[in-house]
Amino acid sequence: MKQSPLYEQIYIDIAGAIAGGKYKPGERIPSEKELTEQYNVSRITSKKALEMLAEEGKIVRMAGKGSFVTGQDEAETVKEKSDIISGNPGKIRLIGVILEGFGNGFGTLLLNSIERECRRKELTMVLRCSDGSIENESRAIDDFLKLGVEGMIIMCSQDENYNPKILQMVVEHFPVVTVDRQMKGIPVPHVGTDNIAAAKELTKHLLDTGYRGICFVKPDADETSTLQERQKGFVSAMNECGIITDDSNWITDLRATLPSKHFEELMEEDMEKIFRHLENHPNVEAFLAAEYGIAQILHKCLFDKGLDKKYPIVCFDCNDNIVGQYSFTHVKQGEAEIGQLAVDTLIEVMNGSGSSKTIMVPYQIVEQEAVSKDNNCL
């Protein structure tokens, strides 16, 4: 009897394990490398077996993350429920919205826009804030699924690894759209800002004004994709101007603005860090703050020392409408458009016509009066 090709044997083994419940929906199966070692075959053979499983819809392969068992039965059940709700005007159609938080700098306009667009599309929005905690985010996802939401808009809490509950929803084809923070390598629709380009343009604003000793300042949240992108844009602009910079010249560990950590003692600690940095880095001429809250801390620190006119601050986001709030040259994100497009994209996915597209909403640089330097970027 002719023996089956090795890749078919691997395929049969894994397909059987999935059917038998060894690998449940959303769970990761062995990688190409692991199968290569387990079956003592070539990488090409193990890849072929995984490709066959993916073609039949038994698994979903995610670049850099692995292969995960699909939940076709569960996804079909969700779709059937959605179809029933969509066809019955007497039912309330729910979508879940999970934000890290929202405030005057960023989030309020986004949330208002999502709510307005939901009303226009006859959807009801339920909201939870994660405070940057994956545990809180997971609890919100579980609660929303119990409520019977048809889809979710999520500003992801980010750590060393993505939330496995979000990965499972993606694998099971449950409608999800991310905003502000993108899950790199995961096939999920995203609506946000080109943070690299925006940070680059914001940095060039200071460079064109003549500043060279620009200090990049961010909260202590190394895994957040938006902060990584803004840092990348800053470094790119500096390098293009012939300036080599590294994180030893930056302030990267401020904590008072982190969600659920708004404590007075942390504010005092952050201000002390800024004072020490200025003492140890006399070459600092200006600051680029990755967030509006960081810019506010910087300004208070400088103001208390009578240095607020000496060091210009630029940042992402701002609140120009509140009396008494200091305005900075800043990146103004299209929050209202992000919210509207997030809802519209989610509806497309719920209707089965969406894709894992990324939508970058235009931003603008809003300039405030700044102290200029004589030298210009060559």
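Using Cα pairs under 8 angstrom and six or more residues apart, how large is the relative contact order of the chain, in percent?
Across the chain, relative contact order equals 17 percent.
What are the ³J(HN,Hα) values, in whole Hz, obtained from phi via the Karplus relation 6.51 cos²θ - 1.76 cosθ + 1.60 with θ = phi - 60°, for each residue of segment 47-64 in sequence order, with x given for Gly and Pro?
Taking θ as phi minus 60°, the curve returns 5, 4, 4, 5, 5, 4, 4, 5, 4, 8, x, 7, 9, 10, 9, 10, 4, x Hz for segment 47-64.
Here are some pairs, LYS146/LYS332; LYS65/LYS332; LYS33/LYS357; LYS200/LYS357; LYS58/LYS121; which of them have Cα atoms lying more than 26 Å apart in this structure?
On the way: LYS146/LYS332 37 Å; LYS65/LYS332 33 Å; LYS33/LYS357 29 Å; LYS200/LYS357 24 Å; LYS58/LYS121 34 Å.
Among LYS146/LYS332; LYS65/LYS332; LYS33/LYS357; LYS200/LYS357; LYS58/LYS121, the Cα-Cα distance tops 26 Å for LYS146/LYS332; LYS65/LYS332; LYS33/LYS357; LYS58/LYS121.
Per-residue ellipticity at 222 nm for the chain, helices alone: DSSP H runs ≥ 4 residues times -39500 (n - 2.57), over residue total, nearest 500 deg cm²/dmol?
On the way: 12 runs with 162 residues, N = 378.
Computed mean residue ellipticity for the chain: -13500 deg cm²/dmol.
Summing +1 for each Lys or Arg and -1 for each Asp or Glu, what net charge is found among the other residues whose Cβ lies under 13 Å from the Cβ of LEU346?
Counting the neighbours of LEU346, the net charge comes to -1.
Explain nothing, just the number: dipole magnitude of the chain about its Cα centre with +1 on each Lys and Arg Cβ and -1 on each Asp and Glu Cβ, in debye rounded to the nearest 20.
Numbers: 42 positive and 59 negative charges, 159 e Å.
It works out to roughly 760 debye.
Could you work out the mean projected area of the convex hull around the alpha carbons of segment 19-74, in square nanometres to one decimal?
Values: hull surface 15.7 nm².
With every direction weighted equally, the projected area is 3.9 nm².
In segment 1-51, what trypsin sites (Lys or Arg not before Pro) fall in a loop by DSSP, with at most 13 other Cβ atoms inside 10 Å? Show your work: numbers first, answer last.
Numbers: sites: LYS2, LYS22, ARG28, LYS33, ARG43, LYS47, LYS48; in loops: LYS2, LYS22.
Passing both the DSSP loop test and the Cβ count: LYS2, LYS22.
Out of all DSSP beta bridges in the chain, what portion is antiparallel? Express it as a percent rounded to 5. Kindly include the intermediate steps, with their values, before the conclusion.
Numbers: 9 of 39 bridges.
Counting DSSP beta bridges with both partners in the chain, the antiparallel share is about 25 percent.
What shape does segment 97-158 take by its C-alpha gyration tensor, where a ≥ b ≥ c are the square roots of the eigenvalues and a/c under 1.5 counts as rounded, a/b above b/c as prolate, and the rest as oblate? Mind dumping the intermediate values first?
Details: a/c = 2.78, a/b = 1.08, b/c = 2.58.
It is oblate, given that a/c is not under 1.5 and a/b is not larger than b/c.
Can you give me the % of accessible surface on the chain that is carbon or sulfur? Probe 1.4 Å, all protein chains present, nothing else counted. Walk me through the numbers before you get to the answer.
Values: 8960 of 18720 Å².
Carbon plus sulfur share of accessible area: 48 percent.
Hand me the chymotrypsin sites (Phe, Trp or Tyr not before Pro) from segment 213-280 located in a DSSP loop with no more than 12 other Cβ atoms within 10 Å, in residue order please. Don't skip to the end; give the middle numbers.
Values: sites: PHE216, PHE234, TRP250, PHE263, PHE275; in loops: TRP250, PHE263.
Listed in order of number, the matching sites are PHE263.
Who wins for biggest fluctuation among ILE12, ILE274, ILE347 in a Gaussian network model of the chain, springs between alpha carbons below 10 Å?
ILE12
Using Rg/Rh (Cα atoms, Kirkwood Rh) as the read-out, say which of (1) 0.96; (2) 1.05; (3) 0.98 was calculated from these coordinates.
Correct label, based on the coordinates given: (2).
Taking only Cα atoms and a 10 Å spring cutoff, compute GNM fluctuations for the chain and point out the largest among PRO175, PRO219, PRO30.
Checking each option, the largest mean-square fluctuation is seen for PRO30.
Where does helix 72-86 land angle-wise versus the long Cα axis of the chain, in degrees 0 to 90, nearest 10?
Relative to the chain, helix 72-86 is tipped by roughly 70 degrees.
So which residue, out of ASP222, ASP13, ASP131, gets the largest mean-square fluctuation from a GNM of the chain using Cα contacts under 10 Å as springs?
Comparing ASP222, ASP13, ASP131 in a Gaussian network model of the chain, the most mobile one is ASP13.
For the charge dipole of the chain, defined by +1 on Lys and Arg C-beta atoms and -1 on Asp and Glu C-beta atoms about the Cα centroid, which residue among TYR292, THR329, ILE12 has the Cα displaced farthest towards the positive pole?
Most positive-ward Cα: ILE12.
Taking the Cα centre of segment 234-363 as origin and charging only Cβ (+1 Lys, Arg; -1 Asp, Glu), how large is the dipole, in debye to the nearest 20?
Values: 10 positive and 21 negative charges, 39 e Å.
It works out to roughly 180 debye.
For helix 335-350, report the angle its Cα long axis makes with the longest principal axis of the Cα atoms of the chain; keep it between 0 and 90° and round to the nearest 10°.
So the inclination is approximately 0 degrees.
For segment 184-263, state which GluC sites (Glu not before Pro) are in a DSSP loop and have at most 16 other beta carbons lying within 10 Å of their beta carbon. Write out the running numbers ahead of the final one.
Details: sites: GLU201, GLU223, GLU229, GLU240; in loops: GLU223.
Loop-located and lightly packed - GLU223.
The values are calculated or read from the model by the stated rules, or taken from the named source; none is laboratory data. None of these values were measured; they are calculated from a predicted model. FYI the Cβ positions are ideal-geometry reconstructions off the backbone, even for glycines, and counts take in every protein chain you see. Calculation scope for accessible area: heavy atoms of the full protein, side chains included, ligands and nucleic acids excluded. Shrake-Rupley method; radii C 1.70, N 1.55, O 1.52, S 1.80 Å.
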